[in-house]
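Accompanying notes for the structure given below.
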Amino acid sequence: PPDQSPPVRAPLPAGTYVVVTAHNPMGTRAADPRLNEAAARALAASVRDMRPSPSAVLPTLSVDPVGGFDAWNEPGVAVRLPETDETAEKVKTATIRLARRHGQAAVYELTCGSDGRMRIGVTPVFPGLEGLACGGVTARVDSRTGWPASMPRSPP
């Protein structure tokens with residue numbers, strides 16, 4: 001029988017978000033967690049000072065899609081892009097520059113529709129990492145929670 005559960009409210013307001021973190025520069029595991037915590041605080045301060053300002057800034061927690069939270073997790077921020085194209089592009093560029101400054105290989109771009117559907121993209125922030133790029137990948141959404149059920153698989 002068809003799913004009779006009530007529709008799930010979208011977990012995020014419609015819009016585009018750029019997710020950036022500061023832990024583990026270029027995928028290395030920092031020996032001292034205090035280094036990661038300091039980098040995360042510096043990133044948060046930089047986002048607060050960003051001009052033009054994002055529409056919103058939300059905390060994030062990235063988790064290993066295979067091994068789960070205990071295998072790897074990393075806090076960050078989701079910067080909601082303003083609705084005007086010109087300002088959105090400026091905020092996205094500033095966020096990518098912050099990712100580069102914090103040694104991150106890429107940022108995630110999450111586009112949320114008002115219907116709860118989500119698309120995920122990956123934007124590399126350094127030359128030579130173009131193989132990481134993907135865009136507009138439809139996220140499988142868990143009908144119970146409204147959150148993505150999994151991340152897109154890495155390219156072969």
Quiz item: Taking ALA42, is it open to solvent by 20 Å² or more (accessible area, probe 1.4 Å) and under 16 Å from THR16 (Cα atoms)?
Solution: no
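Say we look at segment 114-139 and pick out the residues that are open to solvent by 20 Å² or more (accessible area, probe 1.4 Å) and more than 16 Å from the chain's Cα centre (by Cα); which of these is nearest to GLU83 (Cα to Cα)? Before you say what the answer is, go through the steps one by one.
If we filter segment 114-139 for residues that are open to solvent by 20 Å² or more (accessible area, probe 1.4 Å), which is where we start, we get 114-115, 117, 119, 122-124, 126-138.
Applying the additional criterion that residues be more than 16 Å from the chain's Cα centre (by Cα) yields 114-115, 126-131.
Details: SER114: 14, ASP115: 18, PHE126: 26, PRO127: 28, GLY128: 30, LEU129: 28, GLU130: 27, GLY131: 29 Å.
Ranking the candidates gives SER114 first.
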Quiz item: Among the residues of segment 92-106, is there at least one that is at pLDDT below 90 and on the phi > 0 side of the Ramachandran plot?
Solution: no
Practice problem: Identify, from the list GLU89, GLU83, the residue that is of a type in the set (D, E, K, R) and touching a residue at least 24 places away in the same chain (Cβ under 8 Å). | Solution: GLU83
Quiz item: Which of the residues spanning segment 76-92 are open to solvent by 50 Å² or more (accessible area, probe 1.4 Å) and not charged (D, E, K, R)?
Solution: THR84
Practice problem: Please identify the pairs in which a residue from segment 47-71 that is in contact (Cβ under 8 Å) with a residue 60 or more places away in the chain has its Cβ atom under 9 Å from the Cβ atom of a residue that is among the charged types (D, E, K, R) and in a loop (DSSP other than H, G, I, E, B), counting only partners at least 6 apart or on another chain. | Solution: PRO65/ARG153
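Give the residue, chosen from ALA31, ALA39, that is over 16 Å from the mean Cα position of the chain (by Cα) and at pLDDT below 90. So that I can check it myself, show each step before the final result.
Details: ALA39 fails: at pLDDT below 90.
Result of the check over ALA31, ALA39: ALA31.
Going by the structure shown, is THR28 β-branched (Val, Ile, Thr) and surrounded by fewer than 10 Cβ atoms within 10 Å (Cβ to Cβ)?
Working: β-branched (Val, Ile, Thr): yes; surrounded by fewer than 10 Cβ atoms within 10 Å (Cβ to Cβ): yes.
When the stated conditions are applied, THR28 passes them.
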Practice problem: Just one of (1) within 14 Å of the chain's Cα centre (by Cα); (2) surrounded by fewer than 13 Cβ atoms within 10 Å (Cβ to Cβ) trips up ALA99, so point out which. | Solution: (2)
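The values are calculated or read from the model by the stated rules, or taken from the named source; none is laboratory data. Because the structure is predicted, anything quoted here is derived from the model rather than measured. Please note: Cβ atoms are built from the backbone with ideal geometry, for glycine as well, and neighbour counts cover all protein chains shown. Heads up: the accessible areas ignore ligands, DNA and RNA and are worked out on the full protein's heavy atoms, side chains in. Shrake-Rupley method; radii C 1.70, N 1.55, O 1.52, S 1.80 Å.
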